[in-house]
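One structure coming up, written as structure tokens, with questions to follow.
The values are calculated or read from the model by the stated rules, or taken from the named source; none is laboratory data. Predicted, not measured: the structure shown is a model, and the values here were computed from it. Reconstructed Cβ throughout: ideal geometry from the backbone, glycine too, with neighbour counts over all protein chains shown. Protein only, heavy atoms only, side chains kept; ligands, DNA and RNA dropped before computing areas. Shrake-Rupley method; radii C 1.70, N 1.55, O 1.52, S 1.80 Å.
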Amino acid sequence: MTLVMHIPKSHPRYQSLITREKLVEGFKLGVTAIQGLIAHGRGETFDYILGERSHDFALKAEKAAVAEMLLAKHPVVSVNGNVAVLVPKEVKKLADLTNAKIEINVFHWSKERVEKIKSYLEKFGIEALASQDAVLEGLESARRIVDSRGIYIADVVLVPLEDGDRCEILRKHGKKVIAIDLNPLSRTSQMADYSIVDNVIRAIPNMIEFAEELKNLEREELKTIVDNYNNKEILKNAILAIRDHLTKMAESI
Ligand code: PTJ
């Protein structure tokens, strides 16, 4: 993607500005929804008050989530308009390592937009599922429109940046849900089996590293990682990390 605005590498907020520009360009291409810019702002706020780093609780969730993906029969990575422009190469790598399919699933749905996301992902060598030939019963939003070869039959679904209406239904359909959401209080984080409270631009690269580390383990070893995982503890620690980071900041003034 060519970014129109020049951002000097020396800028103290370089990474954050580049990320914003990617989303703005993604919006101009018709890939990212305008609401995606609002969503990103919310995410940035949580990232800021978490200290903009991958905490231990995030790394634990990322590792266990990867183990769950490696154990799965039909793992699927669900991609929306934000994820498509922020981490396309990384999503492909993670999907390759975990034998997962990539499916386009958007909240702000139009046929044209899904086509645009599909063509955009093709530039990164991704053949995303988007045939939209099946429906997830129980869901009223456009996220109900899925692919019969993907989310419909999936046993594990990775859902980065959700809007909170789908997680519960995916679980009702018997699927394990891995959420990536910087807001530990969101409906999605609260409902997921694995709540990764981390920025998607750090979470997916971390998951790639874990996949490389875990891919040769025996199933029993992967099962032990999954069995020892406690998502409630992870969520609790994410909320406490916000409190602790803010306390530290206040005390340093
Ligand atoms: O492309 P579409 O049509 O599917 O729409 C995608 C968005 C993200 C617009 C849609 O799912 C939406 O409206 O989401 P929400 O309800 O704004 O929720 C998005 C969640 O993702 C919020 O809890 C944010 O804190 C979080 N978030 C935003 N940016 C990031 C993030 N989490 C991790 N990494 C980020 N970079």
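When the accessible area of the stretch 176-253 is computed with all protein chains present and a 1.4 Å probe, what percentage of it is carbon and sulfur?
Numbers: 2210 of 4260 Å².
Within the stretch 176-253, the accessible surface is 52 percent carbon and sulfur.
So what's the stretch 24-82 giving for Rg/Rh, alpha carbon basis, Kirkwood Rh from the mean inverse pair distance? Show your work: numbers first, answer last.
Values: Rg = 15.2 Å, Rh = 13.9 Å.
Result: Rg/Rh = 1.09.
Given a 1.4 Å probe and every protein chain left where it sits, what share in percent of the accessible area of the stretch 60-160 is carbon and sulfur? Don't skip to the answer; put the middle values down first.
Values: 2000 of 4040 Å².
Of all accessible area on the stretch 60-160, carbon and sulfur atoms account for 49 percent.
A follow-up question, please. Checking the cross-link filter: which lysines have an alpha carbon closer than 21 Å to that of LYS9, excluding same-chain neighbours under 8 positions apart?
Excluding near neighbours in sequence, the set is LYS22.
Counting only heavy atoms of protein chains, what accessible area per residue, in Å², does the chain have with a probe of 1.4 Å?
Values: 12550 Å² over 253 residues.
Using a 1.4 Å probe on heavy atoms only, each residue of the chain averages 50 Å².
So what's the projected area for the stretch 56-131, the Cα convex hull averaged over all directions, in nm²?
Mean shadow area of the hull around the Cα atoms is 5.5 nm².
Could you work out the pair-distance distribution P(r) of the chain from its alpha-carbon pairs, with 5 angstrom bin width and percents rounded to whole numbers?
1, 6, 14, 18, 20, 18, 12, 7, 3, 1, 0, 0
Modelling each spin label as a point 7 Å along the Cα-to-Cβ direction, I'd like the GLU52/THR2 distance in nm, to one decimal.
The two pseudo-label positions are separated by 2.8 nm.
When you count, for each residue, the other Cβ atoms within 10 Å and take the mean per peptide, how do 235-246, 81-92 rank with the highest first? Spell out each step's value before the answer.
Details: 235-246: 16.2, 81-92: 23.2.
Ranking the peptides 235-246, 81-92 by packing returns 81-92, 235-246.
Distance cut-off 27 Å, Cα to Cα: go down the list LYS123/LYS176; LYS93/LYS176; LYS101/LYS223; LYS123/LYS232; LYS28/LYS118; LYS60/LYS111 and report the pairs above it. If you can, show how the numbers build up before the last one.
Details: LYS123/LYS176 30 Å; LYS93/LYS176 21 Å; LYS101/LYS223 21 Å; LYS123/LYS232 39 Å; LYS28/LYS118 16 Å; LYS60/LYS111 37 Å.
Over 27 Å Cα-Cα: LYS123/LYS176; LYS123/LYS232; LYS60/LYS111.
Something else: Jot down the radius of gyration and Dmax of the stretch 80-193, Cα atoms only, both in angstrom.
Every Cα atom of the stretch 80-193 included, Rg and Dmax give 13.2, 35 Å.
Further question on the same structure: Would you grab the residues whose amide H sits under 5 Å from the one on ASP198? Only those 5+ places off in sequence or on another chain, please, with H modelled 1.01 Å from N.
Sorted by chain and number, the residues that satisfy this are ASP181, LEU182.
Which of the aspartates and glutamates could a cross-linker span from LYS215 if the Cα-Cα distance has to be under 15 Å and same-chain partners fewer than 8 positions apart are dropped?
Once the sequence-local aspartates and glutamates are set aside, what remains near LYS215 is GLU62, GLU68, ASP96.
Rg(Cα) of the stretch 142-222 divided by 2.2 N^0.38 Å?
Details: Rg = 13.5 Å, N = 81, 2.2 N^0.38 = 11.7 Å.
That ratio works out to 1.16.
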